[in-house]
Amino acid sequence: MKIRNLFIIIIAVATFTHAQSKRELNNDGVDLYKAKKYADAEVKFKKGLEKDPEMFQGHFNLGDSYYKQDRYDEAIQSYKNSLQFTDDKSNQSKVYHNIGNSLLKQQKYQESIGAYKNALKQNPDDLETKYNLSYALNMMKQNQQQNKNDKNNNKDQNKDQQKDQQQQPNEDKKDQNKDKQQQQQQQQQQQKNQISKEEAQRILEAMKNNETDTQKKLRKIKGKPVATDKDW
């Protein structure tokens, strides 16, 4: 669905000299608005309102020029100002419709729905307003569902984080126990490989005795004469 904008640029009509001036300013603003020169149109509408602050058309059209410049809060205020200067239900319906559009652009769905309902109170047969009301209701529903999903996702993430935090100390403890066991095994292996001082002393003495016997044997062999065989 796409929002349907209903902008009624109201041309002022008057018959006397002073009103002619404000009418010309308003209508010049309308021409600039149609040419998409919204900032210039804004200036003309404001000048027209300086001459007649109670001109409904000036406030309404000024709101339209603000809207086209994405200045939605200012647009809403101008539309509300225009309501003070008309008793015509058709005009009031158009004002509420455009207020609804400005609120919808700001994603203020609940408030825009209220504005569209006010517009339909003044003109129950306005199809454009009915369409936009349906659009706003649908967008509000989607937004609520999205917020609900985001909330659930945040809960799941928090649970996962808590679970990770709980598991981390246990894993660290397991690693520490594993390291401790490895150290103990290494120490035991080293102890197996090590010999006591007494054993070392006995081995040294045995080696020394063996070496003495060996030296004696070597000396005996070395001192024995070697016969030389000759052929005569």
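The values are calculated or read from the model by the stated rules, or taken from the named source; none is laboratory data. In this text, all values refer to a predicted model and were calculated from it rather than measured experimentally. With ideal geometry, Cβ positions are generated from the backbone for all residues, glycine too; neighbour counts draw on all protein chains shown.
Picking from Lys37, Lys68, Lys46, which residue would you name as being more than 19 Å from Ser93 (Cα to Cα), out of contact with any helix residue (DSSP H, G or I) (no Cβ under 8 Å at 6 or more places or on another chain) and at pLDDT 95 or above?
Lys37
Do any residues in region 47-74 that are on the phi > 0 side of the Ramachandran plot and touching a residue at least 24 places away in the same chain (Cβ under 8 Å) have Cβ atoms under 9 Å from those of residues that are surrounded by fewer than 17 Cβ atoms within 10 Å (Cβ to Cβ) and part of a helix (DSSP H, G or I), where the two are at least six apart or on different chains, and which pairs are they?
Asp70/Lys105
Go through Asn101, Asn61 for me and flag whichever is at pLDDT 95 or above and in the same structural domain as Thr129 (by TED's automatic domain parsing). Break it down into steps so the answer makes sense when it comes.
Numbers: Asn61 fails: in the same structural domain as Thr129 (by TED's automatic domain parsing).
Asn101 is the lone residue from the list that is at pLDDT 95 or above and in the same structural domain as Thr129 (by TED's automatic domain parsing).
As an exercise: evaluate Phe85 against (1) farther than 27 Å from Gln146 by Cα; (2) in contact with a Leu (Cβ under 7 Å, 6 or more places away or on another chain); (3) of a type in the set (Phe, Trp, Tyr) and give the number of the one condition it does not meet.
Failed condition: (2).
For region 120-136: of the residues being assigned to a helix (DSSP H, G or I) and surrounded by fewer than 14 Cβ atoms within 10 Å (Cβ to Cβ), which is farthest from the chain's Cα centre (by Cα)?
Among those residues, the one meeting the criterion is Lys121.
Among the listed residues Ser78, Ser93, Ser112, Ser82, which satisfies the condition of being in contact with an Asp or Glu (Cβ under 7 Å, 6 or more places away or on another chain), at pLDDT 95 or above, crowded, with 18+ Cβ neighbours inside 10 Å and not aliphatic (A, V, I, L, M)?
Exactly one residue qualifies, and that residue is Ser93.
Here are some residues: Lys80, Lys36, Lys117. Which one is under 35 Å from the mean Cα position of the chain (by Cα) and not in a helix (DSSP H, G or I)?
On the way: Lys80 fails: not in a helix (DSSP H, G or I); Lys117 fails: not in a helix (DSSP H, G or I).
Going through Lys80, Lys36, Lys117 in turn, the sole match is Lys36.
Report, ordered by the first and then the second residue, all pairs with beta carbons closer than 9 Å, sequence separation of six or more or different chains, a first member in region 96-114 that is at positive phi, and a second member that is at pLDDT 95 or above.
Pairs found: Gln107/Met139.
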